[in-house]
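Peer 1: Supplied in C-alpha cells, the structure appears directly below.
The values are calculated or read from the model by the stated rules, or taken from the named source; none is laboratory data. Since we're looking at a predicted model, the values are computed, not measured. Virtual Cβ from ideal backbone geometry, glycine too; neighbours counted across all protein chains shown. Surface areas here come from the heavy atoms of the whole protein model, side chains and all, with no ligands, DNA or RNA. Shrake-Rupley method; radii C 1.70, N 1.55, O 1.52, S 1.80 Å.
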Amino acid sequence: MSRRVYASILHRAACYTITTTSQLQNSYLTSKYPLRPVQHCCASFWSTSGSRKSGAESSRRRLSTHQDFDYQLNEVQVNNILRSNEQSVSLPEFDGRGLSAVKKLESNQLAANTPSEDRRSAATCLQTKGMLLGVFDGHGGWACAQAVSERLLYYVAVAMMPRQTLELLEKCRENDRPLPPVLQWYKHHTDFNYRESASLYFDHLRVFWQELLDCEDHVEGMSPSEALTCAFKRLDTDISLEAQAPLPNDLMRSTAIQVAFAGCTACVAHIGTEGIHVANAGDCRAVLGVQEADGSWSALPLSQDHNAQNPAEVERIREQHPPLERDSVLVDDRLLGVLMPLRAFGDVRFKWSHELQQSVLNKLETGVDLDSLNLYHYTPPNYLTPPYLDVAPEVTYHKLRPQDRFLIVGTDGLWDELSSEEAVRLVGEHLSGIHLQMPVSQADRQLNLGQMHELLLKRQARASPALDANAATHLIRHALGTGDYGDLCQERLATMLALPEDLARMYRDDITATVVHLNSDLARHR
C-alpha cells in the first residue's frame, strides 16, 4: 500500500462494515484462514541454541472488526507493537574457526495477516564456513513458509558438506550416537517448529545426504551457489512427495498437505569471508548497502523480483508452454490470473496434474473438511499444461569490498513501501548517524517562499534523530509512518498499526526485514 492513500484509510475506516469469513475466502491471496493451534518446540533437531532475546514478550494491542475502530495509539503502544518481534544478535569477530564476515544481525517482523504468513531464519554453519539467513513470504496460509523456514538452511548446509563430514553424520545415525550440530540457530523467542513432523523432516534430510554419499563426484562438497540451487529444488520435491506419501497419523498427513497446497517465496543468503551468494525464488529481495568515497549511500541489488514486472521472467514462463497459451499464462499480471510471484515453494495446485491433486485430496479421512485444513481447492483457469510454477532460484554472487557495509533482505511487504534506494539510505544514515543533504541547487534558489518552506521541511525531516536502536525496526517505522515531507508522522503510523485485522491486509502486507552488518575490515585487509 502506498502511503499516499493514507487519507482514504481514515475515510474507509469510518464507514467500515465487518467483512464475513465467507467473503474473505473468495480471494486466494487475501483470505484469512482458520488455523490450528501453534505448537512450540524449544529446539530443532540436532541444532545448538543460538542467541535469544530475553525477557517477557512485549504486550501487543489486539484489534479486530468486533471492536470499535480506534487509531489513537499513543507513542508507548506504537513502540510496543513495532518492537515486539525485533531481534538483535552480535557475533564475535573470531568464532574459533576464523574471522566472521558478519558483525551484527538485526531483524524484525510486523504482521498484517493473523497470524503473519512471513517467516525468517538465520544460522551459522558449524560443519562448513559462513552464515545462512533467509526470509520467507507465505501465501494461501503460513504452513509452507513455516516448513521452509525450518528446513531449507539444513539442506543448504548438508549440500556444502564434504564427503568425510557426511560419512560422520551417517555413522553416528547408524550407531544411534548423537549427531554433531550442523547449524547454530539465532531464534526469536516467538519462533516455533512443526514438532509433530520433526522426525519426518529429519528422515528426508538423511535420505538427501545418503544420496550425496552415493554420488562419486561429491568429495569436497558443493559450492554455495550449487548448494543453494540444489537445496531449493530438493526441498520442494520433498514437500511434494510428503503430501502424496502414506504418513503415520492424521496430523502429519494434514500438515504435509497444508504445506504442499500453500506456497511461499524465499530469498536466502550465504555470507562467507570472500563474498555473498543470494538465491531468490519469488518477490522477496536482497539489497547491498554501499558507502561511497564521499560518504553517500548507494543500493546494489543482489536479486531480481520474479513477477510480471520482470520482462525476462515473463518471457521465461511463456516459453515453457505452447504458443496457444501465450496470452493465458499471465492474466492481469498474475500466473493464470491468480498468483503474483512466478517462482515459489509448494503451490502444488500450479504444479500437479488435475488427477494427482484430486487423488491426494481423496485420500484424506472421510469427513475431513478442507476448510479446516486451510485448503480452498479450486482449479485455476486455463490449466492445460502443468507445471506452471517451479522453485528453481536465481543465484547471484558478489565479492565483498571495503565499501560494502550491510545487506538488507526483506519480504515484498517492505519493498511495497520503500524503494531499494530509500531502504539503503535509511539504514546507512541510521548506521552512521550522518544525514547527508544535497547542496541547494541554482533551480532551488528560484523557488517562491512557499516552495522553499516545503524544501526546508523535507531537509529538516531527514535530519531527525532515529527512534530505534534496531535498524530493521527503523526501516519498518519509516515504511509505514513517513509523511509527505519525509518526516515521521505519528498519526499516520498509529493509524496503520491500529487497523482492524480484516482491514489491515487491504492496506499493507506482512513485513519482514533483516539487516546484516558486514565486517568491512575483511575485504580491506585481503
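Peer 1: Do we have Ser298 as more than 30 Å from Leu384 (Cβ to Cβ), of a type in the set (S, T, N, Q) and part of a strand (DSSP E or B) here? Write out each step before concluding.
Peer 2: On the way: more than 30 Å from Leu384 (Cβ to Cβ): yes; of a type in the set (S, T, N, Q): yes; part of a strand (DSSP E or B): yes.
So Ser298 passes the test.
Peer 1: Would you mind telling me which numbered condition in (1) part of a helix (DSSP H, G or I); (2) at pLDDT 95 or above Gln258 fails?
Peer 2: Condition (2) is where Gln258 drops out.
Peer 1: Confirm whether Ala269 is closer than 16 Å to Arg151 by Cα, crowded, with 20+ Cβ neighbours inside 10 Å and aliphatic (A, V, I, L, M).
Peer 2: Details: closer than 16 Å to Arg151 by Cα: yes; crowded, with 20+ Cβ neighbours inside 10 Å: yes; aliphatic (A, V, I, L, M): yes.
Yes.
Peer 1: Return only the number of the condition from (1) polar (S, T, N, Q); (2) within 23 Å of Thr255 (Cβ to Cβ); (3) modelled with pLDDT of 95 or more that Gln358 does not satisfy.
Peer 2: Condition not satisfied by Gln358: (3).
Peer 1: Next question, about the same structure. Scan the range 242-262 and give yes if some residue there is closer than 22 Å to Ile511 by Cβ, open to solvent by less than 40 Å² (accessible area, probe 1.4 Å) and not small (Gly, Ala, Ser), otherwise no. Full working, then the answer.
Peer 2: Within the range 242-262, the subset closer than 22 Å to Ile511 by Cβ is 262.
This time we only want the ones that are open to solvent by less than 40 Å² (accessible area, probe 1.4 Å), so: 262.
Going one step further and asking which of them are not small (Gly, Ala, Ser), we end up with none.
There is no residue in the range 242-262 that is closer than 22 Å to Ile511 by Cβ, open to solvent by less than 40 Å² (accessible area, probe 1.4 Å) and not small (Gly, Ala, Ser).
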